[in-house]
1. So which residues in the stretch 251-284 are touching a helix residue (DSSP H, G or I) at 6+ places or on another chain (Cβ under 7 Å) and among the β-branched types (Val, Ile, Thr), if there are any at all?
2. Among (1) away from the ligand (no atom under 12 Å from the Cβ); (2) part of a loop (DSSP other than H, G, I, E, B), which single condition is Cys29 missing?
3. Which residue out of Thr348, Thr361, Thr337, Thr389 is touching a residue at least 60 places away in the same chain (Cβ under 8 Å), crowded, with 16+ Cβ neighbours inside 10 Å and under 23 Å from Arg284 (Cα atoms)?
4. Across the stretch 220-234, what is the number of residues that are buried (at least 19 other Cβ atoms within 10 Å of the Cβ) and farther than 17 Å from Asn137 by Cβ?
5. Tell me which residues, restricted to the stretch 403-432, are among the small types (Gly, Ala, Ser) and farther than 19 Å from Leu381 by Cβ.
6. Checking Ser436 against (1) at pLDDT 95 or above; (2) among the small types (Gly, Ala, Ser); (3) touching a Ser or Thr at 6+ places or on another chain (Cβ under 6 Å), only one condition comes out false. Which one?
Amino acid sequence: MKNNLPNNVERLIYWAAGHSNILPLTSQCNVKCVFCSNLQNPPGVEAFNLKPLKTEQLSNIITLLDPRKPVVIGESATRINEGEPFTHPKIKEFLSTIRQALPHTTIQITTNGSLLDAGQLEFLHSISPVTIYLSLNSLNLRRQIMGDLRSENAVAAAALLGQYGLNWHGSVVAMPHLTGWEDLKETISYLDSCGAQTIRIFIPGFTRLAQAQLRYPGTMPEQLRQTVAELASKTKAPLTVEPPLITDLQPEVAGVIPNSPAFTAGIRRGNIIQTVNGKEAFSRVHAFYMVKKTANPILLARNGAKANKVVINKAAGESSGLVMEYDIDLSLIEDITQISLRRSAANTVLLASEMAAKVLTMALNKYNNDQLFTVIPVPNLFFGGSIKTAGLLVMDDIINTLGDYLKNKYSTPDLVILPQIAFDPGGRDLLGRHWSEIESIFSIPVEVL
Ligand code: SF4
């Protein structure tokens, strides 16, 4: 099939580097996690497995990377399946090449940790600044849920990372129905005791094709959030559950990295950031980025009923140490509003994932008083299971939902806005269909944002 030609994959690699500073090294992995999303795709999905990147490819890709942002390794990029970076036979050589080309840029690596040993950590320290995201997942049952025959290496790596002076964060894919709640709590406490700066706990998604053991009871996410909230009052490291359950746009601090500038300034978990240098914070994301980009920002932060002025001593662009859940970026709301105005649309319909629809509605209502926006949640029927994300919506999901909506309406919208993340750089969904079909089927102008 034409789209499976290597040059198409190569284009995606370059796009990931230029657009997101992601450097896909390989799709190969040394373990086989029961929750791995790479194993659950319905047939027909365009997801590509990348052989270990070659030296010539690396040289070309490096020229596209933005030295001001971290170079991200080990995260999935568009349609390229992520693998374990340390399985790459030339990992040290490649990392040294990146360091030479970008001497001051942080290299951010996500790893399952079972190939990390003292030698690797010493090397990583020698090419600082490096930030490691260690996916430990389970302290006691990695072998069972990840098929990891070197589990003890990953557990030992957590203890060693701090000793080698590396910045690092822990992560856990929560599978309490397989590992038990005690293992989950022990895993989080262990990462905390080893000095993880933050710990992210992921609720795994499963598709309609996932194996039976991956399917957890519907009550699990709520129980997980409660368990993590209880633990968060005891751990030094801020804990976050992803995806978060957002019910408002209050810029509430989820946690503060110990000894960071925000910590030293006295900001704590549960504080609400009202203003930054006098400017009202629209959302958590807005507050976070205003603080990040500003030198010595002055915050009005509320702690219970009391609001205090607090100065965070830091450089512009430097991390403050604040950890905030992801709600919505103000610039997205501004862009939606601008496009709607530019198109003179009095009735704009936005199609969003089931997960994002409520937040988007809240944000549009907060920002706009006089324009009519309707947000329609689109179920991920093609992927099914527990999936509720825009990145896995396909054209049929969108066409069916929009068709049903229009059947029950007397007036046709002037404009339909689709989520950009459902489409590749060429405008095609995961099954290869272009979004412009929507314009032809419904005869309504479409924008992708
Ligand atoms: S470590 Fe990551 S890439 Fe490897 S099997 Fe697990 S989830 Fe998949």
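The values are calculated or read from the model by the stated rules, or taken from the named source; none is laboratory data. Model, not experiment: these values are computed from the prediction. In this analysis, Cβ positions are derived from the backbone assuming ideal geometry, glycine residues included, and neighbour counts consider all displayed protein chains.
1. Val256, Ile257, Ile273, Val276 - these are the residues of the stretch 251-284 that are touching a helix residue (DSSP H, G or I) at 6+ places or on another chain (Cβ under 7 Å) and among the β-branched types (Val, Ile, Thr).
2. If we test Cys29 against (1) away from the ligand (no atom under 12 Å from the Cβ); (2) part of a loop (DSSP other than H, G, I, E, B), just (1) comes out false.
3. After applying the criteria, what remains is Thr389.
4. Selection size over the stretch 220-234: 1.
5. Hits for the stretch 403-432 are Ser411, Gly426, Gly427.
6. (3)
Residue-wise test of (1) outside the structural domain of Phe206 (by TED's automatic domain parsing); (2) under 24 Å from Ala363 (Cα atoms); (3) among the aliphatic types (A, V, I, L, M); (4) loosely packed, with under 15 Cβ neighbours inside 10 Å.
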residue: Asp248; (1), (2), (3), (4): yes, yes, no, yes
residue: Ser260; (1), (2), (3), (4): yes, no, no, no
residue: Arg284; (1), (2), (3), (4): yes, yes, no, no
residue: Phe288; (1), (2), (3), (4): yes, yes, no, no
residue: Lys314; (1), (2), (3), (4): yes, no, no, no
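Residue-wise test of (1) modelled with pLDDT under 95; (2) closer than 24 Å to Thr235 by Cβ; (3) within 24 Å of the chain's Cα centre (by Cα); (4) not assigned by TED's automatic domain parsing to the domain that holds Phe382.
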site: Ile127; (1), (2), (3), (4): no, no, no, yes
site: Leu141; (1), (2), (3), (4): no, yes, no, yes
site: Val172; (1), (2), (3), (4): no, yes, yes, yes
site: Thr198; (1), (2), (3), (4): no, yes, yes, yes
site: Arg215; (1), (2), (3), (4): yes, no, yes, yes
